[in-house]
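K.L.:
Sharing a structure below in structure tokens format, with a few things to ask.
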Amino acid sequence: MHTNMSVLRIHATAVAIALAALAAPAAELNCHGPSNVEDFRYSWRLRGGLSWVAGLVFPTSGVGEMKTTYPKPGEQAPINSQLLITSTDRRTGFYAYESDMDQAGQRTLMTYHAYAWKNKSRNERTVFDYAKRTAFIHKQTPDKQWDRTEPLPPEQLRDVLTAIYYLRQNAAAIKTPIKTNIYSDGKSYPVMLRPVERRSFKMQGASVDALGFEIVDAPGGRKWPGGVRVWLSDDERRIPFRIEIQQSMASLQLELESVESCAFMQASK
């Protein structure tokens, strides 16, 4: 799936219009939409001591969508996961993350991230050729674009969205830390996937327990400057009620507002 910047801007506008009607304080479950699509809608805000500094450059709150499209029966296609984050005014720009993963949800086949705020924009796409052990990287800004190839490291690669999907698949089995690697900004980092505290969230007026997990830097290798925390409903759905993405100056916290399409994770069937 080759999404360009103009398509993402159109999609961002459409998502913002759809999200404008969200007002319920608790997540609502709507079991409609395509049978092979999960569509979660969020509100988000920046948190942390330096969020006010980040707010001088980027918005500090807004709306978002996490969408996962599964291949239809018999279709030879990857699982596609997208996370789109827009500002509250729905005009100034977006963050976008996208991942294609194999049908087992175990490794990333393509990873993409982009942002556009005011007059600043950037996007980067990496396609992994595991047969040739090569990564093809394309970067683009308003001023230039460039391509390069790099050898794949020996370890299995997951970007952040694939790692979140892996946690959803294996939440019941993860009791102790797991060492793996995260591919981020063109580099592979050793990280730990590990459980954190349980929490409760509101859904359809009821309290739903959620399992917590985090992805953190692992000692003894290249230091990952990021971090992720996610709380998943303690049931077969493994709905991500809260996602926290650590950035250099602040933490981006997404809170679930509604479920627009409720296909089950295929790995859970």
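The values are calculated or read from the model by the stated rules, or taken from the named source; none is laboratory data. In this text, all values refer to a predicted model and were calculated from it rather than measured experimentally. No Cβ is skipped: glycine too gets one built from the backbone with ideal geometry, and neighbour counts run over all protein chains shown.
K.L.:
Can we say Thr180 is part of a strand (DSSP E or B) and not aromatic (Phe, Trp, Tyr)?
P.N.:
Numbers: part of a strand (DSSP E or B): yes; not aromatic (Phe, Trp, Tyr): yes.
Here the answer is yes, as Thr180 does meet what is asked.
K.L.:
Return the pairs, sorted by first residue and then second, in which the second residue is modelled with pLDDT under 85 and of a type in the set (Val, Ile, Thr), the first residue lies in the stretch 107-122 and is within 14 Å of Gly93 (Cα to Cα) and surrounded by fewer than 17 Cβ atoms within 10 Å (Cβ to Cβ), the beta carbons are less than 8 Å apart, and the residues are 6+ apart or on different chains.
P.N.:
Partner pairs satisfying both residue conditions: Trp117/Val57; Trp117/Thr92; Lys118/Thr92.
K.L.:
Kindly provide the set of residues from the stretch 203-217 that are over 13 Å from Asp234 (Cα atoms), part of a strand (DSSP E or B) and touching a strand residue (DSSP E or B) at 6+ places or on another chain (Cβ under 9 Å), ordered by number. Please lay out each step first, then the result.
P.N.:
Taking the stretch 203-217 first, the residues over 13 Å from Asp234 (Cα atoms) are 204-206, 214-217.
The next check asks that each one be part of a strand (DSSP E or B); those that pass are 206, 214-217.
Once the filter is applied, which keeps residues that are over 13 Å from Asp234 (Cα atoms), part of a strand (DSSP E or B) and touching a strand residue (DSSP E or B) at 6+ places or on another chain (Cβ under 9 Å), the stretch 203-217 yields Glu214, Ile215, Val216, Asp217.
K.L.:
Any idea which of (1) of a type outside the set (Lys, Arg); (2) under 25 Å from Ser43 (Cβ atoms); (3) in a strand (DSSP E or B); (4) touching a residue at least 24 places away in the same chain (Cβ under 8 Å) is the one Glu197 doesn't satisfy?
P.N.:
Going through (1) of a type outside the set (Lys, Arg); (2) under 25 Å from Ser43 (Cβ atoms); (3) in a strand (DSSP E or B); (4) touching a residue at least 24 places away in the same chain (Cβ under 8 Å) one by one, Glu197 breaks only (4).
K.L.:
I'd like the residue in the stretch 200-243 that is of a type in the set (Lys, Arg) and in contact (Cβ under 8 Å) with a residue 60 or more places away in the chain and, out of all such residues, is farthest from Asp159 (Cα to Cα).
P.N.:
Within the stretch 200-243, the first condition is being of a type in the set (Lys, Arg), and the residues that meet it are 202, 222-223, 229, 237-238, 242.
From the residues that got through so far, the ones that are in contact (Cβ under 8 Å) with a residue 60 or more places away in the chain too are 202, 238.
Values: Lys202: 29, Arg238: 19 Å.
Of everything passing the filter in the stretch 200-243, Lys202 is farthest from Asp159 (Cα to Cα).
K.L.:
Here is a follow-up. Just for the stretch 87-127: of the residues that are among the β-branched types (Val, Ile, Thr) and assigned to a strand (DSSP E or B), which one is nearest to Leu157 (Cα to Cα)? It would help to see each step written out before you state the result.
P.N.:
To start, the set of residues in the stretch 87-127 that are among the β-branched types (Val, Ile, Thr) comprises 88, 92, 108, 111, 126-127.
Imposing the further condition that a residue be assigned to a strand (DSSP E or B) reduces the set to 108, 111, 126-127.
Values: Thr108: 6, Thr111: 10, Thr126: 12, Val127: 11 Å.
In this case the residue turns out to be Thr108.
K.L.:
Quick check on the stretch 60-77: of everything there that is crowded, with 19+ Cβ neighbours inside 10 Å and either part of a loop (DSSP other than H, G, I, E, B) or basic (Lys, Arg) (or both), which residue is farthest from the chain's Cα centre (by Cα)? Can you show your working first?
P.N.:
Taking the stretch 60-77 as the starting set, the residues that turn out to be crowded, with 19+ Cβ neighbours inside 10 Å are 62-70.
Filter once more, so that each one left must be either part of a loop (DSSP other than H, G, I, E, B) or basic (Lys, Arg) (or both): 67, 70.
Values: Lys67: 9, Tyr70: 15 Å.
That would be Tyr70.
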